[in-house]
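A quick write-up on the structure given underneath.
Read-outs throughout are calculated quantities, based only on the coordinates presented, and are distinct from any laboratory measurement. Quantities reported herein were computed from a predicted structural model and do not represent experimental measurements. Using ideal geometry, Cβ is built from the backbone for each residue, glycine included, and neighbour counts are taken over all protein chains shown.
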Amino acid sequence: MRALITGATGFVGRRLLEQLGAAGWEPAVVLSRDAAAAESKLAEHAVKAFGWQSTQEPPPAEAFDGVDVIFNLAGEPVAEGRWNAAKCDRIRDSRVVGTRHLVDAIAAREDRPKVLVSASAVGFYGDRGDTILDESAEPATGFLADVCVEWEREAMRAAELGVRVVCLRIGVVLGRGGGAMGKMLTPFKMGVGGRLGNGKQWMPWIHLDDVVGLLMHGANTESLSGPMNGVAPESATNLQFTKALGRVLGRPTIFPVPAFALRAAVGGFAEVLLESQQIVPRVAQESGYEFQYPGVDAALTEVVRGKTSSAVA
């Protein structure tokens with residue numbers, strides 16, 4: 001099996017390359033703004049990189065030669081920088097326009113890949129309080145929800161070309177060396193971490209290894225198509241998550257961050273952190289996926305200490 005990956009140099013993409021190699025897949029093809037830099041950064045995986053300006057044009061046709069599966073992970077980071085008009089345009093265009101160009105390139109070929117596994121996000125659901133949400137829930141409205149709807153719509157165009165499409169709606173990714181934990185650990189280690197807002201909002205989280213596991217599950221499971229929630233099965237509120245992280249680190253969590261202060265500090269991204277989404281991974285579980293880290297204590301223990309035990313001292 002051979003994969004083509006967008007966003008391969010990112011936090012999830014690098015881990016996906018490791019797991020594809022461990023599973024015996026052929027070296028992957030990578031699409032990146034700077035092909036030479038991507039090949040250098042990913043040298044241990046022996047990838048072949050092609051240059052692609054995702055918002056400007058379809059990727060080169062030769063990048064698809066011999067490709068069985070496409071993993072579409074590219075997108076402007078939502079948690080970096082303030083959400084001014086230019087930032088919001090990059091968030092949207094890198095996902096919506098980039099995916100449109102990717103599918104346009106698939107359409108131009110007669111020998112098409114069998115599967116497109118395309119990232120989406122739990123932002124699709126918006127702020128839903130205590131409502132339990134599975135993949136059948138309607139989308140919300142608002143900037144991120146609208147981006148997710150358009151993003152998935154562009155990916156699903158590939159289904160009209162005979163390509164099986166899975167859209168993985170990813171939650172907050174927990175893993176060593178980057179992602180959400182890279183931003184959270186410093187204040188918590190200093191003993192100044194705490195809940196965000198009132199802490200009652202549900203926080204849809206997932207361990208990095210399960211994100212990658214679900215990407216591969218989507219590629220390998222022929223019965224799957226359409227949306228699949230990329231979240232752990234055991235939900236946690238922000239307060240529960242905060243207390244679990246404090247336990248693992250052995251640090252107090254007594255410094256709450258009021259909603260107004262969070263908005264002042266990070267602007268529009270604060271709404272992502274304050275929205276409540278109690279999401280369940282119904283499709284993943286019903287199709288036979290077994291989560292490596294179903295509970296937050298075990299996930300945080302692995303991230304912080306490098307241990308897989310669910311016991312927390």
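Taken as Cα centroids, the stretch 97-135 and the stretch 219-274 sit 22 Å apart, rounded to the nearest whole angstrom.
The calculated P(r) of the stretch 241-296, using every Cα pair and 10 Å bins from 0, goes 17, 30, 35, 17, 1 in percent. Cα-based values for the stretch 1-55, radius of gyration first and Dmax second, are 10.2, 32 Å.
Charge tally for TRP83 (other residues, Cβ to Cβ under 13 Å; Lys, Arg +1; Asp, Glu -1): +1. Among TRP25, TRP52, TRP151, the order by Cβ neighbours within 10 angstrom, fewest to most, reads TRP25, TRP52, TRP151. The Rg/Rh ratio of the chain, with both radii computed over alpha carbons and Rh defined as the Kirkwood radius, is 0.96. Using the alpha carbons alone, the radius of gyration of the stretch 197-313 stands to its Kirkwood radius in an Rg to Rh ratio of 1.02.
Ordering VAL47, LEU245, SER120 by Cα displacement along the dipole of the chain toward the positive end leaves LEU245 in first place; charges were set at the Cβ atoms of Lys, Arg (+1) and Asp, Glu (-1).
Of the lysine pairs in the chain, how many meet both conditions: Cα atoms under 29 Å apart, and a spacing of 8 or more in sequence or different chains? Lysine pairs satisfying the spacing and distance rule in the chain number 16. When every Cα-Cα distance of the stretch 59-217 is counted in 10 angstrom steps from zero, the calculated P(r) takes the values 9, 33, 36, 17, 5, 1 percent.
Here each label is just a point 7 Å from Cα along the line to Cβ, and for ALA261 and THR186 those points are 1.7 nm apart. Modelled spin labels at ASN198 and ALA85, positioned 7 Å past Cα toward Cβ, are 3.5 nm from each other.
When each full DSSP H helix of the chain is screened for a Cα extent of at least 15 Å along its own axis and an average Kyte-Doolittle hydropathy of at least 1.6, none passes.
In a simple Cβ point-charge model (Lys, Arg +1; Asp, Glu -1; nothing else charged), the stretch 7-122 has a dipole of about 480 debye relative to its Cα centre. The calculated Kirkwood hydrodynamic radius for the stretch 1-135 is 15.9 Å, given to one decimal from all distinct C-alpha pairs. The dipole here belongs to the chain: it is taken about the Cα centre, uses +1 on the Cβ of Lys and Arg and -1 on the Cβ of Asp and Glu, and is about 1240 debye.
Values of log10 I(q)/I(0) for the stretch 198-267 across q = 0.17, 0.22 Å⁻¹ run -0.81, -1.01, by the Debye formula with one identical scatterer at each alpha carbon and no solvent. When you filter the GluC sites (Glu not before Pro) in the stretch 203-286 for DSSP loop state and at most 10 other Cβ atoms inside 10 Å of their Cβ, you are left with GLU222.
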